[in-house]
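As structure tokens, the structure follows; a few thoughts come after it.
The values are calculated or read from the model by the stated rules, or taken from the named source; none is laboratory data. Remember, predicted model here, so these are calculated numbers, not experimental data. Neighbour counts are summed over all protein chains in view; Cβ atoms, including those assigned to glycine, are modelled from backbone coordinates with ideal geometry.
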Amino acid sequence: MTYSPNEEFALQLDAADPLRRFRDRFHIPTDTTGRPLLYFVGNSLGLMPKATRAVVEQELEDWARLGVDGHLDGRTPWYSYHETVREPLARLVGAQPHEVVAMNSLTVNLHLMMATFYRPTSSRFKILMEEPAFPSDTYAIKSQITHYGRDPQEALLLARPREGEFTLHHDDVEALLDEHGDQIALVLLGGVNFFTGQLFDIARLTAAAQKHGCTVGIDLAHAVGNVPLQLHDWDVDFAVWCSYKYLNSGPGAVAGAFVHERHATNRSLPRLAGWWGNDPATRFRMHLEPEFIPVPSADSWALSNPPILSLAPLRSSFAIFDEAGGMSALREKSVQLTGYLQFLLDRAPSKLYTVITLREPTERGCQLSILAHEHPKELFAKLEAADVKCDFREPNVVRAAPTPLYNTFHEVWRFADLLAQHQTAA
Ligand SMILES: *Cc1c(COP(=O)(O)O)cnc(C)c1O
């Protein structure tokens, strides 16, 4: 697509956008005068769909009206509530329905998955992950390593960007696998890196790791709802994600996990168990059934009956994704929207910024990470003062994530215009 830098062009793109009606489905936060903020932090907390209030209120009403009977007699019975998000969730991550489960929070799911898929032996005990990684992932992984009495210094391998670069080369990850593959138990990568916005070729790295006998887990926190995924076909062993970023399901919303069919149906895998992972046919025999019989699906990793009030928002959010035509339709707009931002930033005359996110659409999601060479904190403060919601990652990176469901081309234009003004002022 050929872009033009003038404001009129941005407005034309919005007028021609087949997804433009979806913005109105969301509450857009405003400044004190009621003007909508330029909300580019859907990578941190996605906006609230207007439909979500009623979906949550329905459960509060059913609880008030029915008490315990809501489990079976509620309008959407709580007993099988998680079933209502299974199919849309499977569509979002490219999975079979029995390969996904909505449960817990991301880091909890990471631990539950590692309890099954990280079982170090004397010869195969290493974990390979990328740097920079989100701290929770690093803590979870290091604590799993020490939990087995091992030293992260020897068991944790980091795939790092080359000197002077910000993003990873797939070749370098493959070289690490060639060198250490027979000692690596688990490869854990972000689908999209939280800091740089780099989108990995998950199919390629999964195949490379599995060739060496390693298990592959993907943290999709910044990928789900952002880029199309085909977890089943890519043969990923497991994946985890949260639902409050691009999935717009609210703070602390119920997260998710994927377990590939070949493991999900394997009842003999070791796992941490709770009653919600037991075969529903015998679950309510309670104390008469002391042996855990895992249901042959990803559900067998679930422990507890789910928190309905933080599961409900997934329903109204996923309905929007389906109505918009799923991830392929959203991705089409997303590539244009982020491409437009890149185009506008490229035109900036000065050398005050470097976009550290890769330029190829196949190598990034919607986020651009903008490294400010001078006065990064002042720049960020100015953006905030001008009604931009983006975020700042120490020491000098501003992350901006225009999302296809509720951001417009004109907002991207205004954001780039503000950055350009800062340059002239600086
Ligand atoms: C957002 C994010 C998390 C957050 O973990 P929670 O358990 O949901 O608090 C973890 N890892 C990555 C990569 C993230 O982007």
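Of all residues in the range 96-112, those that are on the phi > 0 side of the Ramachandran plot have Cβ atoms under 6 Å from Cβ atoms of residues that are within 16 Å of the ligand (Cβ to nearest atom), 6 or more apart or on another chain, in 104/255.
Near the ligand (Cβ under 10 Å from one of its atoms), β-branched (Val, Ile, Thr), crowded, with 23+ Cβ neighbours inside 10 Å and within 26 Å of residue 207 (Cβ to Cβ): does that describe residue 236? In short, no. Inclusion of residue 112 among residues that are in a helix (DSSP H, G or I), in the same structural domain as residue 224 (by TED's automatic domain parsing) and buried (at least 19 other Cβ atoms within 10 Å of the Cβ) is warranted.
I'd like to verify a number: residues in the range 346-376 that are in a helix (DSSP H, G or I) and surrounded by fewer than 19 Cβ atoms within 10 Å (Cβ to Cβ), how many? Total meeting the criteria: 4.
Scanning the range 212-219 finds no residues that are away from the ligand (no atom under 12 Å from the Cβ), closer than 17 Å to residue 318 by Cβ, crowded, with 24+ Cβ neighbours inside 10 Å and in the same structural domain as residue 300 (by TED's automatic domain parsing). Quick check on residue 245: is it within 26 Å of residue 191 (Cα to Cα), buried (at least 19 other Cβ atoms within 10 Å of the Cβ), basic (Lys, Arg) and not assigned by TED's automatic domain parsing to the domain that holds residue 61? No; evaluated as a whole, the condition is false for this residue. Among the conditions (1) more than 16 Å from the ligand (Cβ to nearest atom); (2) closer than 16 Å to residue 414 by Cα, residue 50 misses just one, which is (2). Screening 322, 299 for residues that are at pLDDT 95 or above, assigned to a helix (DSSP H, G or I) and either buried (at least 23 other Cβ atoms within 10 Å of the Cβ) or hydrophobic (A, V, I, L, M, F, W, C) (or both) leaves exactly one candidate, 299.
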